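Data first, discussion second: the structure below is written as structure tokens.
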Amino acid sequence: NDSIFQLTRIDFPLKHGDSLINKTDWTHDREFIDIKYIFYLFPSHDFNFGYRKDYGDKATLAWIYPVDSLMLCYKFKREDTIWKFTEIEPKQIHDESNNKIDYLLANFFKDSLYQKSHIQFPLEIDTWIDSEEDDFKDTTLIVSQSDWDFLTAYHNMPRFPIMSFDWDINSEIVSYFTLFVGGNDNGIHVEYYFTKINGDWILTKMDDSSN
């Protein structure tokens with residue numbers, strides 16, 4: 001939000017695809033201001049999320065445009081304890097073999113048939129519900145395919161933000177990942193657990209702890 005601070009944290013000339021942006025040509029970027037929630041990617045089902053936790057020296061904050069099959073990646077790197085913005089990388093998402101995470105996410109929240117075909121039904125969902133005895137009660141729901149409601153990514157907007165830390169989201173050695181939706185002071189907290197089954201990424205469980 002601070003234009004002067006932003007300039008001090010950009011590694012100029014900034015690489016943008018095949019071109020370079022000089023400091024004198026930079027326009028203050030407000031792309032990630034006032035975001036209601038962000039999708040975070042973790043390469044396992046066992047993680048302990050914390051907004052101030054150290055996840056390594058590299059991070060990518062990206063916009064995914066499902067309709068355009070486009071991913072616009074803002075890349076950051078920590079040098080001597082200081083985080084620097086180092087590159088903007090536009091990426092076309094076109095891997096039709098379905099075994100890439102970026103392809104999965106772009107299509108999972110765009111196509112209802114694709115979404116259903118990448119969920120293991122009946123799906124187990126851990127959540128909280130209102131209870132007569134308590135304000136909320138820890139509950140496990142078992143949802144069948146016929147009862148499934150299509151999940152949209154970001155208030156039906158044409159893009160959604162996603163963040164990953166210090167790992168290649170399309171690495172062939174990754175067999176599990178968690179898509180964590182963390183809200184910004186609004187109580188949103190949802191974890192989607194994906195497993196690679198027969199070469200395809202499948203949603204096998206959800207945990208919705210939102211309040």
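May I ask you to rank 24, 8, 139 by accessible area, largest first, using a 1.4 Å probe over the protein chains only? If you can, show how the numbers build up before the last one.
Numbers: 24 130, 8 75, 139 30 Å².
Listed by decreasing accessible area, they come as 24, 8, 139.
Under 20 °C and 1.002 mPa s, how fast does region 28-94 diffuse according to Stokes-Einstein, given a Kirkwood radius computed over C-alpha pairs? Answer in µm²/s, whole number.
So the translational diffusion coefficient is about 153 µm²/s.
Can you tell me the relative contact order of the chain? Whole percent, Cα pairs under 8 Å, sequence separation 6 or more.
26
Can you send over the solvent-accessible area of residue 191, 1.4 Å probe, protein chains only, in Å² to the nearest 10?
Residue 191 has an accessible surface of roughly 30 Å² with all protein chains in place.
What trypsin sites (Lys or Arg not before Pro) does region 1-108 have in DSSP loop regions with at most 16 other beta carbons within 10 Å?
Here the trypsin sites (Lys or Arg not before Pro) that fit, given the DSSP loop and packing criteria, are 9, 30, 36, 52, 53.
Which residues in region 142-171 have a backbone N closer than 18 Å to a point placed 7 Å from the Cα of residue 33 along the Cα-to-Cβ line?
Residues 161 fall inside that zone.
For region 1-125, report the convex hull volume of the alpha-carbon atoms normalised per residue, in Å³, without decimals.
158
I need the Kirkwood Rh of the chain: take the reciprocal of the average 1/r across all distinct C-alpha pairs and report it in angstrom. Don't jump to the answer; show the numbers that get you there.
Working: mean 1/r = 0.0532 Å⁻¹.
Across the chain, the inverse of the average 1/r is 18.8 Å.
Considering only protein heavy atoms, what per residue accessible area in square angstrom results for the chain with a 1.4 angstrom probe?
Ligands and nucleic acids excluded, the figure is 58 Å² per residue.
Along Cα→Cβ, 7 Å out, is where each label goes; now give me the distance between the ones at residue 52 and residue 141 in nm to one decimal.
3.4
Once R0 is set to 25 Å, what does the formula 1/(1 + (r/R0)^6) return for the Cβ-Cβ distance between residue 129 and residue 45, expressed as a FRET efficiency to the nearest 0.05?
Approximately 0.60, to the nearest 0.05.
Note down the nm distance, to one decimal, between modelled labels 7 Å out along Cα→Cβ at residue 151 and at residue 200.
The answer from the label model is 1.6 nm.
Please report how many Lys pairs in region 46-109 have alpha carbons closer than 15 angstrom, counting only residues at least 8 apart along the chain or sitting on separate chains.
Counting lysine pairs in region 46-109 gives 6.
Provide the gained length on full extension for the span residue 168 to residue 18, in nm with one decimal, where the gain is 0.36 nm per separating residue minus the Cα-Cα distance.
51.9 nm
The values are calculated or read from the model by the stated rules, or taken from the named source; none is laboratory data. All of these numbers come straight from a predicted model, not from anything done at the bench. Ideal geometry is used to build each Cβ from the backbone, glycine not excepted, and the neighbour counts take in all protein chains shown. In case anyone asks, the SASA skips ligands and DNA or RNA and just uses the protein heavy atoms, side chains included. Shrake-Rupley method; radii C 1.70, N 1.55, O 1.52, S 1.80 Å.
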